[in-house]
Structures are given as C-alpha cells and as structure tokens.
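Trainee: This structure is in structure tokens; I'll ask about it shortly.
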Amino acid sequence: MIQAISQLAPYIDPEYLRIIQELRSLGLTPSGNKAVDAGRLAQAKAELVTKIKEKERAESNQSLQLQTIDPTDAAEKNTKAELEEQRLGAMTIAELNRLYHNI
C-alpha cells in the first residue's frame, strides 16, 4: 500500500506515509495535512491505550470480586496477584503491538 501511495505522490515523506497507514488501520480517514494527521494519530493512540487500561481494570475488578480471601493462603494470593498483574501488562503490550504492526 505504501508503494502505491508513494508511486502516486513521490513528494510525500515516509513518516507521513506511516501516519496515513496507521490512521487507516485505526479506521480514521487522513485529512491530507501531516500536522493534523499526526495529532489525530497521537490522540487516537492515547484513547486506545486508555480504553485498554479501562478494560483491564474492569476485568481485574471483576476477577477480584469473584475471589474469596483466605488469610492462610496470603503468600499464594500475592503470587497470583503479581502474576495476574504481569499478565495484564503483557496483554496490553501485545494488543498495542498487534495494532501498530498490522499496518
């Protein structure tokens, strides 16, 4: 796709081509202005990160509500909580990588 765009408009710089491609992958239509599109892309990425974090918090809260607390298993619970936190972080990174690299 970048090749097709670059053949039609060789004067567009590679950074702007990347911005256009990322906007389209997020379902946004480029405006034709690099500064405007770069701002829209940054805003869309920030909103995406916020949505992912909110979703993770909701899932975490839901899973915490479903768990019962047993004081005898405190050490095991801490280990499970740490693993869950690491899993959520890894899921966030994986989701961002999937979105950014599917361009």
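Trainee: Provide a single number: the residues in the range 26-40 that are within 17 Å of residue 95 (Cα to Cα) and more than 12 Å from the chain's Cα centre (by Cα). Before you say what the answer is, go through the steps one by one.
Mentor: Going through the range 26-40, the residues within 17 Å of residue 95 (Cα to Cα) turn out to be 26-27.
Of the ones still in play, those that are also more than 12 Å from the chain's Cα centre (by Cα) are 27.
Count: 1.
Trainee: Sticking with this one: Among the residues that make up the range 44-64, is at least one of them at pLDDT 85 or above and among the hydroxyl-bearing types (Ser, Thr, Tyr)?
Mentor: Yes: the range 44-64 contains one or more residues that are at pLDDT 85 or above and among the hydroxyl-bearing types (Ser, Thr, Tyr).
The values are calculated or read from the model by the stated rules, or taken from the named source; none is laboratory data. Predicted model only: the values in this text are computed from it and were never measured.
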